[in-house]
Structures are given as structure tokens and as C-alpha cells.
Number of protein chains: 2
Amino acid sequence: MTPSGMTAVPSDGMGPIENVPLRVQVADRIRTAILSGRLKPGEPLVETALAEQMTVSRAPIREAIQILENDGLVETIAYKGKRVKPLTAREVEEIYSLREAYEVMAVRRIIERGADASPLRGPCEDMNRAAAADDLEALTAADEAFHRTLIQIADHDLLLASWRSLYLRIHQIMALRMRRRPELPQIAANHPPIVDALVARDMDRAVKLISDHTRNLEEIDPQTIADT
Amino acid sequence: MTPSGMTAVPSDGMGPIENVPLRVQVADRIRTAILSGRLKPGEPLVETALAEQMTVSRAPIREAIQILENDGLVETIAYKGKRVKPLTAREVEEIYSLREAYEVMAVRRIIERGADASPLRGPCEDMNRAAAADDLEALTAADEAFHRTLIQIADHDLLLASWRSLYLRIHQIMALRMRRRPELPQIAANHPPIVDALVARDMDRAVKLISDHTRNLEEIDPQTIADT
DNA sequence: AATCTGCATGTTGTCGACAATCCATAAGGT
DNA sequence: ACCTTATGGATTGTCGACAACATGCAGATT
């Protein structure tokens, strides 16, 4: 799979072509726009406009949009148009509750199979550093690394893929909400106990910790949410 | 939305056409072929051949295949070809373990939110009837109806969509394994206690029952599975 | 004034042709 | 004999043009 988050556009002298299909490049660009909040929920996506804008044909655009549809970021209404999928409060709740189920499953699986949870220590340290430096962006990145690592340790490709797809939308939500700055040190302090419970193979405690951690962690700004 | 499951081809005088896009029709046809086992894992899917076979252009074929890719039934290797995704033993395990997580989540949510679990009684009765008549097909259908109803009662659209996508592959697995006939009465007898625990709001018992029920329920014929 | 009808416009849906890429195979050199 | 290098075939990737469809507006009709 592609190493997520990297949009490699070589800037060195000879710019040979990237072997990645156009539809993927297009999908990455549009996805970035959505995830950064530049394209807001409900915004229409017109194929011809995008095609002209990116100087490609409509075919890759269509296929790219279909990719984003599978990611749950775009929805299509036949013969009417495509648009960035509106985010309802209900959907936000569903996304976070499903994430909780995924992470609980990962925790259970890690303990049941006796996997080594110590790789989680790295992201924990990163979070501490970020919290000390009051660097919200770095802390967010380390937090995601922590959770992604958790899923990876569970050694379950399907779970990892599902989690990834879900986390895309969490990115979108996080970009849309511009709330008060969270307490960085507190977030950083939340994670090490989870690791401790995992290495101690304390199932009940680990499940409870991850469950509490993922639940209600993020609250969404009601203004950016559709009503229905 | 269109009323699901109906392929309305009106035979009366004035026939208003079906408005379903070609790509969807194509996707349905290919999906049926895969799910029925007529197209086996690893089998190549050549766009031009399918296009000629179905007398449509390649564009709808490509988009249909992409839909199936999102369903996890097909995989693409760039500039090389597309094929029915091979089923590894590992994937089968992952599919069923993820299904367990989904259904456990549904059970927890149903009890937490005090939802009415009595609609599950209908499929239970259907299963009893099917078991009494020794009708495997009817029992399989009722079993799926039970689990789908369980997810629907949880009132979680995203969970339902994820479960559906997963269940597609379970269909495929079930079509591929031609094992000994299972004990129909026993399967039918497994479900009512789950309903009882749900209406009694007995969380621990309900979770344990659904967990045991989904786990190890299906064993796959090794011969139909890829080695990796 | 209200309603229906027909048309114009914008968007997606579909098509056929061409280009880019990969793989296997065979030719050529050492 | 072995390795390297063309070359041909097969498949997907991309393109531009045309068709189908839905919607909104203007005009006619009652």
C-alpha cells in the first residue's frame, strides 16, 4: 500500500514521471482539499470544472471521485451532481463510536495473541515532547501515530484498512472544528497507562482505558455540521 | 432511493425505463457471479472481454470493477490486470473476527440505548421452520436476516454499511465452501438465547453469546483458499 | 393569477479510439 | 551456456466527443 500522507512530487532537476495513475493523483489532491477543510461539506464537485482546473480528462476525475466516494468523503446523486458528503451530528457520533469499537478490538487482539505493545512507547515520547513544546500539530501527529501503531500491532490488515478509512473522516472533522485549544499535557498523559495495561496483559483495564480514551474525546463545533 | 431488491422491468404498455446506471447493473452482474462462486478467487477480469460480453463500453465496466474493488471482492494491479481477490486463510480469519467485533458492538449499543430487540423474534421463527423442514437455503437466509436485523436495531448507519460490505465476502466464502451439511436444528437453537439476553438487558451474557456464536462458526475448505 | 407545456441549459452517463505500460519471448552478444 | 537487450502482444490508462437525463425558466393557456 502507499505510505499514507505522502504526496511525493519530486522537485529535483529531472522530473521523471510518477508512475502513479492520474486518478490517484487527482483523488489525493481532492482528498487533501477536503481533509484540510478547503472543500467544505455540501460543496458541489463538478467534473468538467475539476477536469479543466487540473488539466486532465474527465475520466480520471470520475474515477478519482469514485475513490473518494468509497472513502465516504463524497456522495453522488445520479444525473444531478456530486458533492462533499455533508457531515451530520449523527455521522460524527457514528464515526467516533465505530473507531472505539475498532480500537477496543485491536486491544483485545493484542492481548489475546500476546503481541508486543512496546512500539507504542515511541509515539508516547513524541507526544510528551510535543506537549512540552506546546506544539499542537506535532502532538496531533504523534497521537495519530499512536493509534495507527496500536492497530498495526493487532496484525489485522482488514482492521487496519477499515480504521484508515474511518480516520480520514476524523481528519476532516478535526480540520473543521476550530475549538478551544485542548490541554496538551493531559492528552499526552492519557496514553502511557494504556501501554502499561497492554504490556501487563491486563485485558479489562486496557479495554476500559482505550474505551474511555476514544469516547467523547472530540466534540464537534455544531456550526460546521448539517442539521439533518 | 430505489426500493432495494426489485429489478422492476414493467411489462405493461408504457414501460418507464429503469434509471439505474449501467455501471451498477454491470457491478451487480459481476458481483453475483463472484458471490455465487461462478467467478473464483484469482480469476482474471479483462475489461475488453467483459465489455464485449455485456455489449457495453469499457467505461462502465471500469467503474463497475472499481465498485467491486471497494467491496473488497476485486483487486487491481496497475497496467497488469484485475482479478477476483484471492481468499487467503488469513483473510477469512480477519473477516470473521471483524464480523464478531461488529456484532458485539451492535449488541452493546442495543442494550446501552435500550432499543427494542423483539424484531429478532421473526427471523428466529423462520429459522425454526426452516430447520424443521430441513431447508438449508431458507435457514441461511433467515440466519442472515437475523444478523442484519441485529445490526439495524443498533441504529448505526455506518456500522450497517460496514457490516454489509463484510457480509458480501462472507457470502462468497459460504458459496466456496461445500462442506458437510451443518446441524440445522442446532443453528436455529443458537439464536433465541441471544434475543432473550438482549430483551433482558443482560449485557455480559448477550456479548458472550454473540461472541461465541460468531466465532469459529464457519470453517473454510482449505482447497478453495490461496496459500499465502 | 395560476397552472401547464415546451425548451434551453447544465450535468452526468456512455462510447470508441489512441497512448502508456508491463510481461514474456526470442534474438543477439559475450 | 548465460546474460543482456529488443520486440511483440496484451492489458490498462487517458482522452475528446456525443447521448441521456433532470431541472429551471419562459411563454402560452385557462
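The values are calculated or read from the model by the stated rules, or taken from the named source; none is laboratory data. All values reported here derive from a predicted model rather than from experimental measurement. As a convention, Cβ positions derive from the backbone with ideal geometry for all residues, glycine included, and neighbour counts pool all protein chains shown. Ligands, DNA and RNA are stripped out before the accessible areas are found, and what is left, the full protein with its side chains, is counted by its heavy atoms. Shrake-Rupley method; radii C 1.70, N 1.55, O 1.52, S 1.80 Å.
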Take every residue in peptide B:69-75, count the Cβ atoms of other chains within 10 Å of its Cβ, and give the average of those counts. 2
What's the FRET efficiency of B:Arg181 with B:Arg205 using the Cβ-Cβ distance as r and R₀ = 30 Å, to the nearest 0.05? 0.50
Here, A:Glu93 and B:Glu43, labelled 7 Å along Cα→Cβ, have an inter-label distance in nm of 4.4 nm
Summing -39500 (n - 2.57) over every DSSP H run of at least 4 in chain B, dividing by its residue total and rounding to the nearest 500, the 222 nm mean residue ellipticity is -19500 deg cm²/dmol
Taking the label point 7 Å from Cα along the Cα-Cβ vector, the copy-to-copy distances for A:Arg148, listed from shortest in nm with one decimal, are 3.6
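Peptide B:99-111: average number of partner chain Cβ atoms within 10 Å per residue? Each step should come with its number before you reach the end.
Numbers: counts 0, 2, 11, 4, 0, 4, 7, 1, 0, 4, 2, 0, 0.
Per residue, the number of nearby Cβ atoms from other chains is 3 on average.
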Distant alpha-carbon pairs in the stretch A:89-224 (separation over 26 angstrom), percent: 19 percent
Once you list every other residue whose beta carbon is under 11 Å from the beta carbon of B:His191, what net charge do they have if Lys and Arg are +1 and Asp and Glu are -1? -3
How much length, in nm to one decimal, is gained on full extension between A:Ser36 and A:Asn19, taken as 0.36 nm per residue of separation minus their Cα-Cα distance? 3.6 nm
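For the stretch B:57-105, rounded, prolate or oblate, judged on the Cα gyration tensor with a ≥ b ≥ c (square roots of eigenvalues), a/c < 1.5 rounded, else prolate if a/b > b/c? Walk me through the intermediate numbers first.
Values: a/c = 4.56, a/b = 2.02, b/c = 2.26.
In terms of gyration-tensor shape, oblate.
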Can you list the copy-to-copy distances for B:Pro193, using a point 7 angstrom from Cα toward Cβ, in nanometres, shortest first? 3.5
How large is log10 of I(q)/I(0) for chain A at q = 0.10, 0.15, 0.16 Å⁻¹ when the intensity is taken from the Debye formula with one equal scatterer per alpha-carbon? -0.54, -1.09, -1.19
Putting +1 on Lys and Arg Cβ atoms and -1 on Asp and Glu Cβ atoms, find which of B:Ala138, B:Met127, B:His213 reaches farthest to the positive end of the dipole of the stretch B:90-223. B:His213
At a Förster distance of 60 Å, what's the computed FRET efficiency of B:Ala132 paired with B:Glu75, Cβ-Cβ distance as r, to 0.05? 0.90
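How large is the Kirkwood hydrodynamic radius of the protein assembly as shown, counting all unique pairs of alpha carbons, in Å?
Numbers: mean 1/r = 0.0410 Å⁻¹.
Taking the inverse mean of 1/r over all distinct Cα pairs, the protein assembly as shown comes out at 24.4 Å.
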Considering protein heavy atoms only and a 1.4 Å probe radius, which residues within the stretch A:155-175 exhibit an accessible-area decrease of no less than 40 Å² in the full assembly relative to the chain by itself? A:His156, A:Leu158
Ignoring ligands, DNA and RNA and using a 1.4 Å probe, state the total buried accessible area between A and B in Å², rounded to the nearest 100. 2300 Å²
Could you tell me what percent of the accessible area of the stretch A:22-84 is made up of carbon and sulfur, with a 1.4 Å probe and every protein chain present? 52 percent
Tail fraction, Cα-Cα pairs, the stretch B:22-84, threshold 19 Å, whole percent: 17 percent
Which residue fluctuates the most in chain A, going by a Gaussian network model with Cα springs under 10 Å, if the choices are A:Met54, A:Met127, A:Met203? A:Met54
Amide H contacts under 5 Å for A:Leu45, placed H, 5+ residues apart: A:Lys82, A:Arg83, A:Val84
Other copies of B:Asp204: label-to-label distances in nm, shortest first, labels 7 Å along the beta-carbon direction: 0.9
So which lysines pass the test for A:Lys82, namely a Cα distance under 17 Å, with those fewer than 8 places away in the same chain ruled out? A:Lys40
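Applying 1/(1 + (r/R0)^6) with R0 = 45 Å to the Cβ-Cβ distance of A:Ala141 and B:Arg215, what FRET efficiency is obtained, to the nearest 0.05?
Working: r = 36 Å, r/R0 = 0.80.
With a Förster radius of 45 Å, E is 0.80.
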